[in-house]
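Here the structure is laid out as structure tokens; the discussion comes afterwards.
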Amino acid sequence: MTARQLYTTIIVQVLMLSTAWAQGPHNTGTYYQAADGQRGEALKTAMFQIVNGEYQGQQFQQIKYGSGNLDGVWGAFATTDVLDDGVTIRDRYSNITHYQVGDDQQGTGGTNTKEGGTDEKHVYSREHSMPKSWFGGGTDVGPSTDLYHLYPVDSYMNSVRNNHPYGENDGEKFTSAGGYSKLGVCTFEGYTGTCFEPNDEWKGDFARTYFYMVTCYEDDLPTWYSENAGSYEGAAATFDGNKYPGLSEWQLKMLLKWSRQDPVSEIETARNEAVCAIQHNRNPFIDYPGLAEYIWGDSTLYAFSYDCGDTPVVPVRKYLFRKVLIIKSGKRYLIVADNDGKLRMAAPFTGTKTYGYLPASDVEANERGVIALEDASSAFTFVAADAERTYYVKDSSGRYVYQTSNYNSFNVSADMPAEAATWTATATDDGLFTVTNVAKKKYVQYSVGYKTWGCYADAQGLQPSLYEEVLMGDVNRDGTLSIADVTALVNIILGKTPAGDAASQYDLDAADVNFDGAVSIADVTSLVNTILGKN
């Protein structure tokens, strides 16, 4: 079989699979099909429409809040949030409680009727993980009774949490038994108010809960913000007042971090099924563990595919960068110094910071000198200015990098600065670059002493190397993705290219399209999907 014949066979197989056998995870069939091929904001809206529609012939409908023993939400907890014994409540705010479903619920008149008390272990209550005060309060059927964000928790811990936003803190205001949950001043960059920090084992669960809420109630988000942000600090800190992103910058960044660090568990998957059986919709962020990356994270440039069978694994996007000696306008670069064999990469300012010395972080290159990163937030784009070989430099947020006065630090601005915004980048004989600010006559260097990046008039530090982003799948190195790359990839797999020459003829790093450490038919399928707009 020739390479072209193999390629044609693969194309036919891929198209057949994508049309005839496409199925969502966990026996969801075509439930998520309408989101296929979407990305970013459009993907979020597609999911909003899906989760508000029908599932297997039944319309999504929240249940009533309930007032009596095992009525409404109380009764739902009997199937959504009990341990394997079928009667003990799973408490996500305290790890010292052993509540029995129904018997120990708040207000039942049983032996544990003390309403919260001043410590844990009295009764459990219905916790709105997204406080209902943030969207108008009340307990009418609707978001206030949506089981995906309602959890049974210790009543006292519920009152401690109050309507503070989730965050990270040192627990200086309150720490539950064993340090399981904490209340204190937020230490996550972007917010300095009081926040509640759940235990690490549930952070991913709560992150995916919030992703669901701002997706399921997308149309309501602007109203939630306009009517409640002025009265409740937690609402102002959590929402951004828009349908998209929906969450504030710091909250979104933190929740993405939590979701990555605490992946979907069997407990979460089982709860998804139990809630779905009651209210007839699903949390897509549990069904697709990497979905948030396609909507808000590091994969927003790539199309979502709902077809993943019963093993919903969404790969983490890898970004590759290779050392170069020629700058191309519009390309993204890492600025890297070699400090006695340790590579130190410049990183843009985070949050609202707009001036100072650029922080540095450690990176590693493989044996072929390629740096692989899980996101491109540390990349800088060089854009040609008017003069030859003169560039504007933008960080990953699209802000211009420039200098002011005679300082050795950097400034960034979303708008074009009035001066000192142009740079030259000249390769030196030893493979480094002199990146110079045209107006200030200073050049970019890594300070070994301060462990940051500055811009100095003399040689006070290490000059950088520049690593250019590699286009994943560009196997033949021509700068585009096409059938020629698929042919080249098939040749590599079939051994048509001698191993010794492969590195020079083909880009072996870019050939591992799905970045699983091997070059195989799976990479061909991934590349074909990319060319067809499926990735």
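The values are calculated or read from the model by the stated rules, or taken from the named source; none is laboratory data. All values reported here derive from a predicted model rather than from experimental measurement. A quick note on method: Cβ atoms are made from the backbone with ideal geometry, for glycine too, and the neighbour counts reach across all protein chains shown. Quick note on the areas: whole protein, heavy atoms, side chains included, nothing else; ligands and nucleic acids left out. Shrake-Rupley method; radii C 1.70, N 1.55, O 1.52, S 1.80 Å.
Which condition breaks for TYR392 when tested against (1) more than 23 Å from the chain's Cα centre (by Cα); (2) of a type in the set (Ser, Thr, Tyr); (3) outside any strand (DSSP E or B)?
Among (1) more than 23 Å from the chain's Cα centre (by Cα); (2) of a type in the set (Ser, Thr, Tyr); (3) outside any strand (DSSP E or B), the lone unmet condition for TYR392 is (3).
Could you check segment 228-256 and list, in sequence order, the residues that are open to solvent by 10 Å² or more (accessible area, probe 1.4 Å) and either free of Cβ contacts under 8 Å to residues at least 24 places away in the same chain or not in a helix (DSSP H, G or I) (or both)?
Selection gives ALA229, GLY230, SER231, TYR232, ALA236, ASP240, GLY241, ASN242, LYS243, TYR244, PRO245, SER248.
How many residues does segment 278-307 contain that are part of a helix (DSSP H, G or I) and either at pLDDT below 85 or surrounded by 24 or more Cβ atoms within 10 Å (Cβ to Cβ) (or both)? Steps first, answer last, please.
Keep residues of segment 278-307 that are part of a helix (DSSP H, G or I), which gives 278-279, 284-287, 291-295.
Now restrict to residues that are either at pLDDT below 85 or surrounded by 24 or more Cβ atoms within 10 Å (Cβ to Cβ) (or both): 284-286, 291-292, 294-295.
So the count comes out to 7.
Select from segment 151-165 the residues that are in contact with a helix residue (DSSP H, G or I) (Cβ under 6 Å, 6 or more places away or on another chain) and within 18 Å of TYR210 (Cβ to Cβ) and list them in ascending order.
Residues satisfying the conditions are ASN163, HIS164, PRO165.
I'd like to verify a number: residues in segment 125-154 that are part of a helix (DSSP H, G or I) and open to solvent by less than 10 Å² (accessible area, probe 1.4 Å), how many?
6
With the requirement that a residue be under 20 Å from the mean Cα position of the chain (by Cα) and among the hydrophobic types (A, V, I, L, M, F, W, C), what does segment 159-218 give you?
If the condition is that a residue be under 20 Å from the mean Cα position of the chain (by Cα) and among the hydrophobic types (A, V, I, L, M, F, W, C), then PHE188, TRP202, PHE206, ALA207, PHE211, MET213, VAL214, CYS216 are the ones that fit.
Here is a list: THR381, THR426, THR390, THR434. Which entry is of a type in the set (Val, Ile, Thr), open to solvent by less than 50 Å² (accessible area, probe 1.4 Å) and closer than 23 Å to GLN460 by Cβ?
The unique qualifying residue is THR434.
Quick one: which of TYR191, TYR225, TYR210 is touching a residue at least 60 places away in the same chain (Cβ under 8 Å) and either under 24 Å from ARG271 (Cβ atoms) or assigned to a helix (DSSP H, G or I) (or both)?
Testing whether each residue is touching a residue at least 60 places away in the same chain (Cβ under 8 Å) and either under 24 Å from ARG271 (Cβ atoms) or assigned to a helix (DSSP H, G or I) (or both) leaves just TYR210.
Go over the candidates TYR450, TYR446, TYR467 one by one and state the one that is part of a loop (DSSP other than H, G, I, E, B) and either more than 30 Å from VAL383 (Cβ to Cβ) or at pLDDT 90 or above (or both).
On the way: TYR446 fails: part of a loop (DSSP other than H, G, I, E, B); TYR467 fails: part of a loop (DSSP other than H, G, I, E, B).
Criteria check complete, one pass: TYR450.
Return the only residue of LYS496, LYS534 being at pLDDT below 85 and over 30 Å from the mean Cα position of the chain (by Cα).
Step by step, each of LYS496, LYS534 is checked, and only LYS496 is at pLDDT below 85 and over 30 Å from the mean Cα position of the chain (by Cα).
Looking at (1) in a strand (DSSP E or B); (2) buried (at least 20 other Cβ atoms within 10 Å of the Cβ), find the lone condition where GLY184 falls short.
(2)
Starting from residues that are out of contact with any strand residue (DSSP E or B) (no Cβ under 6 Å at 6 or more places or on another chain) and buried (at least 22 other Cβ atoms within 10 Å of the Cβ), keep the ones in segment 155-165 and report whichever is nearest to CYS195 (Cα to Cα).
Going through the qualifying residues, I end up with MET157.
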